[in-house]
1. Tell me which residues, restricted to region 163-219, are open to solvent by 60 Å² or more (accessible area, probe 1.4 Å), of a type in the set (Val, Ile, Thr) and touching a residue at least 12 places away in the same chain (Cβ under 8 Å).
2. Evaluate the following for Asp154: is it surrounded by 14 or more Cβ atoms within 10 Å (Cβ to Cβ), over 14 Å from Tyr85 (Cα atoms), without any contact (Cβ under 8 Å) to a residue 24 or more places away in the chain and not small (Gly, Ala, Ser)?
3. Tell me, please, whether a residue that is at pLDDT 80 or above and open to solvent by 60 Å² or more (accessible area, probe 1.4 Å) can be found in region 115-123.
4. Considering region 180-219 alone, what residues qualify as being under 25 Å from Thr75 (Cβ atoms) and among the aliphatic types (A, V, I, L, M)?
5. Show the residue pairs that are 6+ apart or on different chains and have beta-carbon atoms under 8 Å apart, the first residue being within region 68-82 and in contact (Cβ under 8 Å) with a residue 24 or more places away in the chain, the second being part of a loop (DSSP other than H, G, I, E, B) and open to solvent by 60 Å² or more (accessible area, probe 1.4 Å).
6. For region 80-97, name all the residues that are on the phi < 0 side of the Ramachandran plot and surrounded by fewer than 21 Cβ atoms within 10 Å (Cβ to Cβ).
Amino acid sequence: MEKILKILEENARISLEDIATMVESTPEEVAKQIDAYQQAHVINGYKALIDWDKAGADRVQAIIELRVSPKRENTYVAGLSMGGYGAFRLALTKPEQYSAAASLSGCLDIIARLDDCPWKNEATAIWGEDFASSARGTDSDLMYLLDRYLEHPDAQRPRLFAACGTEDMLYSSNIDFCRRIEGCGFDFRFTESAGSHSWKFWEDNIVPALDFFLEKKLK
């Protein structure tokens, strides 16, 4: 009875009698089948297609063009908090794919964060694993990744942008990362200002991050 779904998709106000005629069934059987679709959430609702221009409503129509490119120079990654850590990890482990990365209030020293975690002992007891020890010296450890680049001066490198508030709990982690990346051959920029681990700080710094991504293209 999939034909019923196609009919309703075209015109949800069509009568049961008309549907029954089209599928060579009875209105009662059609009603039963539609009810079964609704109960199973195959049909999740009905909506009207409205021509708002003819309705005379005050609306603004916008045409948005989005161009997607697989080229490395057009591919960036960014995140905030743990997403900032993730963005840097992606860029540092896949430099052939990402040309730049941005971290806003990122957890850039994940090992130190795990070591200082107040529920570290409880987690180790539950999971039977010290996550800081298991992550240290692996691709999950950004400091380790920087050391690996230091050993390979000719390796391709992504451009990196980081921002963190001076009142942020992760500020010291960001400063440690800044010290560690010195001499590793990266195009790296760090900006700090008064602020905490908050949307206000991230909103203030997303534009500088985007400017960093695009500045090479605008020259």
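The values are calculated or read from the model by the stated rules, or taken from the named source; none is laboratory data. All of these numbers come straight from a predicted model, not from anything done at the bench. Reconstructed Cβ throughout: ideal geometry from the backbone, glycine too, with neighbour counts over all protein chains shown. Heavy atoms of the whole protein, side chains included, go into the accessibility calculation; ligands, DNA and RNA do not. Shrake-Rupley method; radii C 1.70, N 1.55, O 1.52, S 1.80 Å.
1. Ile206, the sole residue that qualifies.
2. Taking the combined requirement at face value, the residue does not satisfy it.
3. No; the residues of region 115-123 include none that is at pLDDT 80 or above and open to solvent by 60 Å² or more (accessible area, probe 1.4 Å).
4. Result: Ile181, Ile206, Val207, Ala209, Leu210, Leu214, Leu218.
5. Final answer for the pair search is Arg72/Glu96; Arg72/Gln97; Thr75/Gln97.
6. If the condition is that a residue be on the phi < 0 side of the Ramachandran plot and surrounded by fewer than 21 Cβ atoms within 10 Å (Cβ to Cβ), then Met82, Gly83, Gly86, Leu90, Thr93, Lys94, Pro95, Glu96, Gln97 are the ones that fit.
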